[in-house]
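The values are calculated or read from the model by the stated rules, or taken from the named source; none is laboratory data. Keep in mind the model is a prediction, meaning the values are calculated, not measured. Backbone-built Cβ (ideal geometry, glycine too); neighbour counts: all protein chains shown. Just so you know, the surface numbers come from the protein's heavy atoms only, side chains and all, with ligands and any DNA or RNA stripped out. Shrake-Rupley method; radii C 1.70, N 1.55, O 1.52, S 1.80 Å.
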Amino acid sequence: HHVEHYPAGNAELGVPEDKLHGHNAGNDFANPDGFSTYFGAHGIPGFPNHPHRGMETVSILRKGYVDHADSLGNSGRYGPGDVQWMTVGAGLQHAEMFPLLRGDQPNEFDLLQIWLNMPARSKLVQPEYKMMWAEHIAHYRHAGADVAVIAGAYQPQEAGVDASLVQPIPPTRSTWASQPEAELAIWMIELQPGAKLTLPAAQLQANQRTLFVFEGSSLLVAGQDVGGNRRVRVVAQQTLALENRGTNVVCVMLMQGVPIGEPVIRSTVYVTNTIEELHQAKRDFQRTQFGGWPWDTRQPLHGPGFRRFAKYVGETVADEPR
């Protein structure tokens, strides 16, 4: 979870030189002034091109903007409320940079990113990425509660409301999330002061469910005060009562899925089943660069302005919110 309070940006869409005192260029995770530039160079925050294999990322952006570029030639910019789903599979390089588009006021930034493992049979599928625009994401709203349905259909439980399943946007074609045996769900839940919500139960006995309370500190889960900024493991196979007893908004991310049940070896960028597969991933990247890097810089930016778009390789028209 990246929460950053970036200053007004300069002409290069980065942090002005006079604001970089105390920041270690190219390796800044220290957050000395309420923000980090991470591996970005020249004051441009973000993560320049780096490889992945054997996993998926789900990037949920609440504030700010992200510029995407990858080794397939895809590019895009997404903003508040948008979700990027990337199935890495056999291997992909990508860059995720955070352009500071506002030059006259601070650039607030809030990004949650989930890593999803993939079963061994799927780890070498063709890589793919897809944008889910905020305008198209399905929501369930009731009496001060708002559930953004990113993955996994949502079954409302409240009396007197439409009980139809709320269906998410289909993710990438080869994602583990589309398999019925995964029963995977990602729901972004916002509760206004006094709001109550009953979460539906999972159907599969092996399923597991975690709540990440990332904003607010007055959440009651099944009548228990759980505080804020913490993860809470709950029983997935039962309906669950949530209530905001405080005077500020509470935000929760629900993550649910059936464990794959296979060995997991994780490095900083690869997720494999064995040590040998990890070594092979490194050798393959050294040999192929996972398709190379078609951009003239390690940290591509897509210019000024707030237009959000996704350009998929081979397509002449960019996908954008409508």
Quiz prompt | Point-charge dipole on Cβ atoms (K/R +1, D/E -1) for region 1-113, about Cα centre, debye to 20 | solution = 240
Quiz item: Binning every alpha carbon pair distance of region 134-272 at 5 Å from zero, what are the percents per bin?
Solution: 2, 10, 18, 22, 20, 14, 8, 4, 1, 0
Quiz item: Can you give me the pair-distance distribution of the chain, C-alpha pairs, 10 Å bins, whole percents?
Solution: 6, 24, 32, 27, 11, 1
Quiz item: Got a sec? What order do Thr198, Thr247 fall in by accessible area at 1.4 Å, biggest, i.e. largest, first?
Solution: Thr247, Thr198
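Trp115 to Val232: extension gain in nm, 0.36 nm per residue of separation minus the Cα-Cα distance? Don't skip to the end; give the middle numbers.
Numbers: separation 117, 0.36 × 117 = 42.12 nm, distance 1.80 nm.
That pair, Trp115 and Val232, stretches by 40.3 nm at full extension.
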Quiz prompt | Intensity falloff of region 158-220 expressed as log10 I(q)/I(0), Debye formula with alpha-carbon point scatterers, at q = 0.20, 0.23, 0.28 Å⁻¹ | solution = -1.10, -1.26, -1.37
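How much of the accessible area of region 156-253, probe 1.4 Å, is carbon plus sulfur, in whole percent?
Details: 2260 of 4990 Å².
Carbon and sulfur together cover 45 percent of it.
DSSP loop (so not H, G, I, E, B), at most 13 other Cβ within 10 Å: list which trypsin sites (Lys or Arg not before Pro) in region 87-158 pass both filters.
Working: sites: Arg102, Arg121, Lys123, Lys130, Arg141; in loops: Arg102, Lys123.
Here no trypsin sites (Lys or Arg not before Pro) fit, given the DSSP loop and packing criteria.
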Quiz item: Which FRET efficiency value, to the nearest 0.05, do you get for Ala8 and Asp296 by plugging their Cβ-Cβ distance into 1/(1 + (r/R0)^6) with R0 = 30 Å?
Solution: 0.65
Quiz item: How much accessible area per residue does region 1-87 have, in Å², with a 1.4 Å probe?
Solution: 34
Quiz prompt | Signed unit charges on C-beta, dipole axis of region 1-130, positive-most listed residue Gln126, Gly79, Phe98 | solution = Gln126
Quiz item: What distance in nm separates the simple spin-label points at Asn248 and Gln155, each placed 7 Å from Cα in the Cβ direction?
Solution: 3.5
Exercise. Rounded to whole Å and sorted largest first, list the principal axis extents of the Cα atoms in region 244-322.
Key: 52, 40, 22
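Given only helices, namely DSSP H runs of n ≥ 4 each adding -39500 (n - 2.57), what is the per-residue ellipticity at 222 nm of the chain, to the nearest 500 deg cm²/dmol?
On the way: 1 runs with 14 residues, N = 322.
My calculation for the chain gives -1500 deg cm²/dmol from helical runs alone.
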